[in-house]
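Worksheet: the structure to be examined is printed underneath.
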Amino acid sequence: MKTILKLFLIVAVMLSSSVLFAQYENTSGKKKEANQTRKKVSPLSKIYIGGNIGGGWSSNSAYLELSPIIGYQVTPAFHIGTRFTYSYSKYTNPYGFKQDYHDLGFSVFSRYHFLRFLFAHAEFEELSAQYYLSDGSKSRRWVPGLFLGGGLYQHMGNAYMHIALLFNVLESEYSPYTNPIIRIGFGVGL
């Protein structure tokens, strides 16, 4: 856990130190007309795609997650979108019994960006999670999740990168996630 927190802090410092602020000063003495600076924005230019890739491993387990997203900028600060999730995990218990899981899900999210590089995040997910019955057979169940938190955001031209720290406030015994959840993602505008 301490290693994850150290990684989060290192990335946070790197992202926040790379944010540059610039200002423009009009020294010509002429005022720009409001209509000249206003551009028409295509609705398609407000759409962005991206995703998260996650994983981890230890001596008795492994985990891989792929989560493509598609989002829409309602305003420059407020975004909504959807995320699809596929995760694979395997685990060997202390008795040598091996279990593997394939989970599929989808979610809807909203983000509010403030201070140019920080955002708040809320997301509701429905995940079709595999689990083992007492006889060793597999079954599936829909597991809801409500992720709340925030993170750091870095815009790089038409692309972006983010790192988020989220908490599943609906955590149940069937949830494959453990709190806190750290996501690192990338995306590009269309």
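Side notes on the structure shown:
- Of the numbered criteria (1) touching a residue at least 24 places away in the same chain (Cβ under 8 Å); (2) of a type outside the set (Gly, Ala, Ser); (3) open to solvent by 20 Å² or more (accessible area, probe 1.4 Å), the one HIS121 fails is (3).
- Qualifying residue in the stretch 80-101 (condition: at pLDDT below 55, in contact with a Leu (Cβ under 7 Å, 6 or more places away or on another chain) and either in a loop (DSSP other than H, G, I, E, B) or open to solvent by 40 Å² or more (accessible area, probe 1.4 Å) (or both)): no
- Matching residues, the stretch 44-77, being of a type in the set (Phe, Trp, Tyr) and under 18 Å from HIS113 (Cβ atoms): TYR48, TYR72
- Looking only at the stretch 124-143, residues that are open to solvent by 40 Å² or more (accessible area, probe 1.4 Å) and under 15 Å from PHE84 (Cα atoms) come to 3 in all.
Every residue, every condition in (1) modelled with pLDDT under 85; (2) of a type in the set (A, V, I, L, M); (3) touching a Leu at 6+ places or on another chain (Cβ under 7 Å), yes or no:
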residue: LYS138; (1), (2), (3): yes, no, no
residue: PHE147; (1), (2), (3): no, no, yes
residue: GLN154; (1), (2), (3): no, no, yes
residue: TYR174; (1), (2), (3): yes, no, no
residue: PRO180; (1), (2), (3): no, no, yes
residue: VAL188; (1), (2), (3): yes, yes, no
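- Pair list, Cβ under 6 Å, 6 or more apart: the stretch 171-189 residue under 20 Å from GLU126 (Cβ atoms), other residue open to solvent by 60 Å² or more (accessible area, probe 1.4 Å) and part of a strand (DSSP E or B): TYR174/ARG141; ASN179/PHE167
- Counting only residues that are open to solvent by 30 Å² or more (accessible area, probe 1.4 Å), in a strand (DSSP E or B) and within 27 Å of TYR88 (Cβ to Cβ), the stretch 150-190 holds 7 of them.
- Options PRO94, PRO176, PRO180: the member that is within 17 Å of the chain's Cα centre (by Cα) and over 15 Å from SER67 (Cβ atoms): PRO180
The values are calculated or read from the model by the stated rules, or taken from the named source; none is laboratory data. Computed from a predicted model, the values in this text were never measured in an experiment. As a convention, Cβ positions derive from the backbone with ideal geometry for all residues, glycine included, and neighbour counts pool all protein chains shown. What goes into the accessible areas is simple: the full protein's heavy atoms, side chains included, and nothing from ligands, DNA or RNA. Shrake-Rupley method; radii C 1.70, N 1.55, O 1.52, S 1.80 Å.
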